[in-house]
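Q: First the structure, which I've put down as structure tokens, then a few questions once you've had a look.
The values are calculated or read from the model by the stated rules, or taken from the named source; none is laboratory data. This one's a predicted model, so the numbers in the text were calculated from it and none came from an experiment. Cβ placement follows ideal geometry from the backbone for every residue including glycine, while neighbour counts extend to all protein chains displayed. Protein only, heavy atoms only, side chains kept; ligands, DNA and RNA dropped before computing areas. Shrake-Rupley method; radii C 1.70, N 1.55, O 1.52, S 1.80 Å.
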Amino acid sequence: MDSSKRVTLDGVTGTRPGKRARQLAYAGLLPFVVGAALIWIVRADAQRHAEAVLSAYAAVILSFLGGIHWGFGIRSGRDEVAHFAWAIVPSLVAWVAVLMPSNAALVIHGVMIVVCYLVDRKVYPMHDAAGWLTLRFRLTAVASLSCFLAAAGA
């Protein structure tokens, strides 16, 4: 299977994403890019809706990024508080952010997406997932930049 190919990153070997996983991951960027663009081009009366939609999507993605760590914790078979505690942080931060004005929420989402990547840089290699970090970096760059550009237009 394509997704079980092994790759070495910084001396750590792990699996890497297959073609379908990459395609779906990149497709998941569309709401970020389109949402950020809409904030800059829609009429003023529709802008608040576009901001809320993008903020909600970013919150969902942050919950997903935290959930990956829940999965790592389950897969490890050890009751490590670090995995489970971190797993809920992105969704809690995102939940608070969606209650804030859009310009602040989108900045918080963008920062949190970057923070999740920085945590993943340390955690993924411990779980045979270092090969996913190149994809994670690309997704992080586009998603966080979209949030920051949207916040600037909000």
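Q: Restricting to the stretch 139-154, name every residue that is open to solvent by less than 30 Å² (accessible area, probe 1.4 Å) and within 13 Å of I39 (Cβ to Cβ).
A: Within the stretch 139-154, S146, C147, A150, A151, G153 qualify.
Q: Let me ask something else about it. Go through the stretch 1-46 and count every residue that is basic (K, R), modelled with pLDDT under 95 and either under 22 Å from the mean Cα position of the chain (by Cα) or within 19 Å of L62 (Cα to Cα) (or both).
A: Of all residues in the stretch 1-46, those basic (K, R) come to 5-6, 16, 19-20, 22, 43.
Now narrow it down to the ones that are modelled with pLDDT under 95: 5-6, 16, 19, 43.
Among the residues that remain, those that are also either under 22 Å from the mean Cα position of the chain (by Cα) or within 19 Å of L62 (Cα to Cα) (or both) are: 16, 19.
The total comes to 2.
Q: For the stretch 14-21, indicate whether the set of residues that are open to solvent by 50 Å² or more (accessible area, probe 1.4 Å), out of contact with any helix residue (DSSP H, G or I) (no Cβ under 8 Å at 6 or more places or on another chain) and not in a loop (DSSP other than H, G, I, E, B) is non-empty. Even if it seems obvious, please write down each step before you answer.
A: So the first thing to find is which residues in the stretch 14-21 are open to solvent by 50 Å² or more (accessible area, probe 1.4 Å), and the list is 16, 19-20.
Subsequent filtering for residues that are out of contact with any helix residue (DSSP H, G or I) (no Cβ under 8 Å at 6 or more places or on another chain) retains none.
Checked the stretch 14-21: no residue is open to solvent by 50 Å² or more (accessible area, probe 1.4 Å), out of contact with any helix residue (DSSP H, G or I) (no Cβ under 8 Å at 6 or more places or on another chain) and not in a loop (DSSP other than H, G, I, E, B).
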